[in-house]
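Handing you a structure now.
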Amino acid sequence: MYLRDGTVLNGVVLPRPGVGDPNVVVLKLDNGYNVGIHVSNIERVEVLRHVESKGAVSIPIGQFVSGALTGLPRVRLVATGGTIMSKVDYRTGAVYPSFSLEDLYAMYPEIKGVADIEMLNLMAIFSEDMTPRRWSEIAEAAYKAFIDGVSGVVVLHGTDTMHYTAAALSFAIRNPAGPITLVGSQRSSDRPSSDAFENMLAAVLIAARAPFAGSFVVMHASTNDGLIAVHRGTRVRKMHTSRRDTFVSINDKPMAYVDINKFEIKINNSNYQGRA
């Protein structure tokens, strides 16, 4: 791409976003950064080659899959939407929703040593479209998972209304056999500052190993990496649009913290219901 000021840029032209200035072309450079160039600043464009994106393959909505049993605690992932299971296509730089065992282990390889994973692609909606009927569907999926004998359930959820769903699940399922952890990411996996990896790993750790049961939100404890907070579903609220530590326990202490580097759960609140 040759600009009017003499600059020459090489990269991949990304698909036009749904929002923003329609006269801006977004180019992914070789260094991984995206730049936007207004068409009025472009002198000419030379096409070197065409790159096609294959996107990502996901388990169909409503389908359930499980991996090999290794003797580790069984944890069932229930997908509802959100960016935490998004995969970067490095040929185009675009981020696609992806939900498959292969992609899960590719993005979060440490999970293999924590639990035997089962996956249910329950729905794929924005969290702002979550309704009480959807809460009932999630609650039923979690209840059936415990009937099947899993150690815990991880619900993948968009962050905007995650605290509402966490509260709803707290009242919908009486005395669950183990933890139901709701987890998401404030920043998608194509960003260096993404919180997806640590949040997901902590959620699986809690589902597999925590001594308590109930509904919880599992997200960053601070803007730094390394420590993840576990908030009681009836005492948590989202407090900021983009901060990684946006979720805060209200009038209560976080139930626990997860030290990601040590794979260690630190109980912070002795007032909890134990596993069944």
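The values are calculated or read from the model by the stated rules, or taken from the named source; none is laboratory data. Predicted, not measured: the structure shown is a model, and the values here were computed from it. As a convention, Cβ positions derive from the backbone with ideal geometry for all residues, glycine included, and neighbour counts pool all protein chains shown.
So which residues in the stretch 140-185 are among the polar types (S, T, N, Q) and outside any helix (DSSP H, G or I), if there are any at all? Even if it seems obvious, please write down each step before you answer.
Our first condition is that a residue be among the polar types (S, T, N, Q); within the stretch 140-185, this holds for 151, 159, 161, 165, 170, 175, 181, 185.
Result: 151, 159, 161, 175, 181, 185.
Does residue 188 satisfy the criteria of being outside any loop (DSSP other than H, G, I, E, B) and surrounded by fewer than 19 Cβ atoms within 10 Å (Cβ to Cβ)? Before the answer, list the steps.
Values: outside any loop (DSSP other than H, G, I, E, B): no; surrounded by fewer than 19 Cβ atoms within 10 Å (Cβ to Cβ): yes.
The answer is no for residue 188.
Restrict the check to the stretch 22-29 and report whether at least one residue is at pLDDT below 85 and under 20 Å from residue 192 (Cβ atoms). Can you show your working first?
Restricting attention to the stretch 22-29, the residues satisfying the condition of being at pLDDT below 85 are 22, 28-29.
With under 20 Å from residue 192 (Cβ atoms) added as a condition, the list becomes 28-29.
There is at least one residue in the stretch 22-29 that is at pLDDT below 85 and under 20 Å from residue 192 (Cβ atoms).
I'm trying to understand the selection: among the residues of the stretch 161-214, which are among the aromatic types (Phe, Trp, Tyr) and in contact with a strand residue (DSSP E or B) (Cβ under 8 Å, 6 or more places away or on another chain)?
Here is the first cut: in the stretch 161-214, the ones among the aromatic types (Phe, Trp, Tyr) are 164, 171, 197, 212.
Selection gives 212 alone.
Tell me, which strands (runs of 3 or more DSSP E) wholly within the stretch 47-118 include 1 or more residues that are farther than 23 Å from residue 218 by Cα and at pLDDT 75 or above?
Output list reads 64-66.
Also: Kindly provide the set of residues from the stretch 240-266 that are part of a loop (DSSP other than H, G, I, E, B), of a type in the set (A, V, I, L, M) and over 18 Å from the mean Cα position of the chain (by Cα), ordered by number. So that I can check it myself, show each step before the final result.
Let us first name the residues in the stretch 240-266 that are part of a loop (DSSP other than H, G, I, E, B), namely 240-246, 250-255, 260-263.
Going one step further and asking which of them are of a type in the set (A, V, I, L, M), we end up with 250, 255, 260.
Residues satisfying the conditions are 250, 255.
Please indicate, with yes or no, whether at least one residue in the stretch 213-220 is in a loop (DSSP other than H, G, I, E, B) and assigned by TED's automatic domain parsing to the domain that holds residue 113.
Applying the first criterion (in a loop (DSSP other than H, G, I, E, B)) to the stretch 213-220 yields none.
Within the stretch 213-220, none of the residues are in a loop (DSSP other than H, G, I, E, B) and assigned by TED's automatic domain parsing to the domain that holds residue 113.
Another question, if that's okay. Restricting attention to the stretch 160-185, which residues are farther than 14 Å from residue 275 by Cβ, buried (at least 24 other Cβ atoms within 10 Å of the Cβ) and among the hydroxyl-bearing types (Ser, Thr, Tyr)?
165, 185, listed by residue number.
Considering only residues that are exposed (fewer than 14 other Cβ atoms within 10 Å of the Cβ) and on the phi > 0 side of the Ramachandran plot, which ones fall in the stretch 227-276?
Within the stretch 227-276, just 251 meets the criteria.
Residues checked against (1) aliphatic (A, V, I, L, M); (2) touching a Phe, Trp or Tyr at 6+ places or on another chain (Cβ under 8 Å); (3) within 14 Å of residue 231 (Cα to Cα):
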| residue | (1), (2), (3) |
| --- | --- |
| 139 | yes, no, no |
| 145 | yes, no, no |
| 162 | yes, yes, yes |
| 165 | no, yes, yes |
| 169 | yes, yes, yes |
| 179 | no, yes, yes |
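So which residues in the stretch 178-228 are without any contact (Cβ under 8 Å) to a residue 40 or more places away in the chain and polar (S, T, N, Q), if there are any at all?
Residues satisfying the conditions are 194, 222, 223, 224.
Restrict the check to the stretch 186-198 and report whether at least one residue is under 20 Å from residue 251 (Cβ atoms) and assigned by TED's automatic domain parsing to the domain that holds residue 103.
Restricting attention to the stretch 186-198, the residues satisfying the condition of being under 20 Å from residue 251 (Cβ atoms) are none.
Scanning the stretch 186-198 turns up no residue that is under 20 Å from residue 251 (Cβ atoms) and assigned by TED's automatic domain parsing to the domain that holds residue 103.
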